[in-house]
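What follows is a short report on a single structure.
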Ligand SMILES: *Cc1c(COP(=O)(O)O)cnc(C)c1O
């Protein structure tokens, strides 16, 4: 059976470019970049080279890049570091949104227990917020604003440059979880007024378990992994050089081919949206325009997202109901609830996230299978029966 993989927001297949860039560091260039001998120094050069190339892709200096084990660790370090810096000046307030990734939300929940106060901005029905709303939430004691660049479930792209401008005006540190944005849409930390940014290699065809945190020079970065002096003393541990090399190669490739890839991906995506919206009582979640070219997230009334996914999987279609991190739990996605969707509707969600490897044939398979599976599930659903009999009103 042909596998149609459309869960690229959860993770991507490694590209040949990334694998080829990684392989030498698993084989002949095995040195520790901290060793003084030649084998180590060759590794050190490769590390410096990858750092410079990644920095160029987001328009920062190489010394502003700190390698981490991925997006989650970068989020944790950025937020905890800014919180600690703020607390030292008596600032213990943080502004965020209600639909951040759990790497951000769970870190903030812990900080609340440690005495910080967090404002969770509500997102509008279209999955967006405005810089004005961020400005209105700022206080004298605000230590940090952390707002994602693009949402991982519904794909909406937030007005990051404007939010950054507001933060700069008030002298508040601005962190963005850009894991879904970097390598997919233009990211420029200078033009977009970003102080701290998280990125992760496996979301743009690099290796899993490697990412980076950008920290604008002048902003102190606190250490949470103590040990050796790697990453200028800010994150101890022998570097994942193969992963880092794969990240640099994959990111450069993604940035170089962004325009042409997005043109293709967006045209496939738009065909899917238009086709799936023909299913009665369905809706697209998140703004149609301000969204990642690769993402569509839909709700189908009267069905369970989990059942839909399992039946689609049996047809070879690998999609998601929202975030990989919430699958396995029966609660509807916190992102869809943040948009104001009722629980019943939020349960029936489907996220399709494309990449440049997807084809016209994939789109045809999805457009053929999803309506059939939705129909089948509705026919066996008591909830749908009530809706159809008019015992309950349709919500979408
Ligand atoms: C995937 C993802 C993360 C986590 O990144 P890992 O490298 O898997 O730790 C964080 N934030 C967003 C928005 C993501 O999509």
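The values are calculated or read from the model by the stated rules, or taken from the named source; none is laboratory data. What you see is a predicted model, and the numbers here were worked out from it, not measured in a lab. In this analysis, Cβ positions are derived from the backbone assuming ideal geometry, glycine residues included, and neighbour counts consider all displayed protein chains.
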| In the range 24-71, how many are closer than 22 Å to residue 193 by Cα, out of contact with any strand residue (DSSP E or B) (no Cβ under 7 Å at 6 or more places or on another chain) and assigned to a helix (DSSP H, G or I)? | 6
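To keep it simple, each residue is scored yes or no on (1) more than 22 Å from residue 377 (Cβ to Cβ); (2) in contact (Cβ under 8 Å) with a residue 24 or more places away in the chain; (3) in a loop (DSSP other than H, G, I, E, B).
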position: 270; (1), (2), (3): yes, no, no
position: 280; (1), (2), (3): no, no, yes
position: 286; (1), (2), (3): yes, yes, yes
position: 289; (1), (2), (3): yes, no, yes
position: 302; (1), (2), (3): no, yes, yes
| Enumeration of residues in the range 220-232 that are over 24 Å from the mean Cα position of the chain (by Cα) and either surrounded by 18 or more Cβ atoms within 10 Å (Cβ to Cβ) or within 16 Å of the ligand (Cβ to nearest atom) (or both) | 230
| task | Under 6 Å between Cβ atoms, at least 6 apart or on separate chains: pull out the pairs that start in the range 194-214 with a residue that is free of Cβ contacts under 8 Å to residues at least 60 places away in the same chain and end on any residue that is more than 7 Å from the ligand (Cβ to nearest atom) and part of a helix (DSSP H, G or I). | result | 194/164
| Boolean, residue 367 is surrounded by fewer than 17 Cβ atoms within 10 Å (Cβ to Cβ) and either touching a strand residue (DSSP E or B) at 6+ places or on another chain (Cβ under 6 Å) or in a loop (DSSP other than H, G, I, E, B) (or both) | no
| So, of the residues in the range 201-219 that are closer than 13 Å to residue 78 by Cβ and under 17 Å from the mean Cα position of the chain (by Cα), which turns out to be farthest from the ligand (Cβ to nearest atom)? | 214
| Does the range 66-104 hold any residues that are surrounded by fewer than 19 Cβ atoms within 10 Å (Cβ to Cβ), within 12 Å of the ligand (Cβ to nearest atom) and within 19 Å of residue 149 (Cβ to Cβ), and which are they? | 102
| task | With the condition kept exactly as written, say whether any residue in the range 335-358 is surrounded by fewer than 17 Cβ atoms within 10 Å (Cβ to Cβ), more than 16 Å from the ligand (Cβ to nearest atom), within 20 Å of residue 292 (Cα to Cα) and modelled with pLDDT of 95 or more. | result | yes
| query | For residue 123, are the conditions met, namely being touching a helix residue (DSSP H, G or I) at 6+ places or on another chain (Cβ under 7 Å), touching a residue at least 24 places away in the same chain (Cβ under 8 Å), surrounded by fewer than 20 Cβ atoms within 10 Å (Cβ to Cβ) and on the phi < 0 side of the Ramachandran plot? | reply | no
| said: Going through 19, 79, 42 one at a time, which residue ends up being within 21 Å of residue 164 (Cβ to Cβ) and at pLDDT 95 or above? | reply: 79
